1. Describe numerically, in nm with one decimal, the distance between label points set 7 Å from Cα along Cα→Cβ at residue B:56 and at residue A:74.
2. Counting other Cβ atoms within 10 Å of each Cβ, which trypsin sites (Lys or Arg not before Pro) in the range A:63-116 have at most 16 and sit in a DSSP loop?
3. Please identify the longest segment of chain B free of exposed trypsin sites (Lys or Arg not before Pro), where exposed means a DSSP state other than H, G, I, E or B and no more than 13 other Cβ atoms within 10 Å.
4. Would you work out the charge dipole size for the protein assembly as shown about its Cα centre, treating the Cβ of every Lys and Arg as +1 and the Cβ of every Asp and Glu as -1, and quote it to the nearest 20 debye?
5. Evaluate E = 1/(1 + (r/R0)^6) for residue A:53 and residue B:107, where r is the Cβ-Cβ distance and R0 equals 30 Å; express this FRET efficiency to the nearest 0.05.
6. If you bin every alpha carbon distance in chain A into 10 Å steps from zero, what whole percent lands in each bin?
7. Bin width 10 Å, origin at 0, all Cα-Cα pairs of the protein assembly as shown: what percent of pairs per bin?
8. Give me the percent of Cα-Cα pairs in the range B:4-109 that sit more than 18 Å apart, rounded to a whole number.
Amino acid sequence: GAGVSQSPSNKVTEKGKDVELRCDPISGHTALYWYRQSLGQGLEFLIYFQGNSAPDKSGLPSDRFSAERTGGSVSTLTIQRTQQEDSAVYLCASSLVGLTAGDTQYFGPGTRLTVL
Amino acid sequence: GQQVMQIPQYQHVQEGEDFTTYCNSSTTLSNIQWYKQRPGGHPVFLIQLVKSGEVKKQKRLTFQFGEAKKNSSLHITATQTTDVGTYFCAGLSNFNKFYFGSGTKLNVKP
């Protein structure tokens with residue numbers, strides 16, 4: 001079956017512009033995660049959706065970042081007024097149940113964002 | 001706050017040598033997962049450890065979870081060039097927070 005897909009694969013934008021990144025999770029997966037990975041660095045947790053529960057937004061670095069998940073499936077991460085330090089690879093992952101013991105996260109290929 | 005620390009940051013080995021990366025948490029973890037990210041790729045799940053003192057093996061890879069469930073290690077015996085990549089641990093805290101370690105980048109010289 002299809003894995004997690006993300007679009008676009010690459011995005012170049014100018015400082016101050018808004019961007020939207022899309023994630024299509026694996027069908028049937030109730031949990032969805034967004035991470036950010038700067039060049040050569042580890043994974044920084046951004047936000048977590050699980051079913052119909054309120055999302056865990058504790059990792060969002062500022063109020064310029066927001067995310068939504070429509071219909072419990074596709075998710076969009078929006079960055080407003082982008083800044084150069086937002087440049088990174090944004091990774092989406094999904095899992096069958098959520099942050100419980102035994103749940104594996106399946107990662108998408110990521111969106112490489114470059115802010116000029 | 002909760003942190004999952006991983007060492008070393010980088011490791012360069014000759015093909016055939018062993019490799020170990022260590023993961024340490026400031027608090028007790030419910031479980032710990034290990035992921036591998038090849039250069040230019042995305043993280044791929046390797047294994048999950050849940051029980052105190054658990055040891056699991058996958059061919060040349062040995063994973064351990066500490067007795068106190070605060071640390072873990074991944075050991076690769078007789079590395080091969082296909083082992084190149086960054087290895088991440090990720091721990092689930094008792095408060096349902098998930099933390100990735102900073103990763104250990106492994107380079108294997110043929």
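1. Rounded to a tenth, the inter-label distance reads 3.4 nm.
2. Numbers: sites: A:64, A:69, A:81, A:112; in loops: A:64, A:81.
Hits after loop and neighbour filter: A:64, A:81.
3. On the way: sites that count: B:51, B:59.
For trypsin sites (Lys or Arg not before Pro) (loop position, at most 13 other Cβ atoms within 10 Å), the longest site-free span of chain B is B:60-110.
4. Values: 22 positive and 17 negative charges, 35 e Å.
Taking the Cα centre of the protein assembly as shown as origin, the dipole is about 160 debye.
5. Details: r = 41 Å, r/R0 = 1.38.
Efficiency computed from Cβ-Cβ geometry: 0.15.
6. 15, 50, 29, 6, 0
7. For the protein assembly as shown, the pair-distance distribution reads 8, 33, 35, 20, 5, 0.
8. On the way: 2352 of 5565 pairs.
Tail fraction, whole percent: 42.
Read-outs throughout are calculated quantities, based only on the coordinates presented, and are distinct from any laboratory measurement. A quick note: this is a predicted structure, and the numbers were derived from the prediction, not measured. Note: ideal-geometry Cβ built from the backbone for every residue, glycine included; neighbour counts use all protein chains shown.
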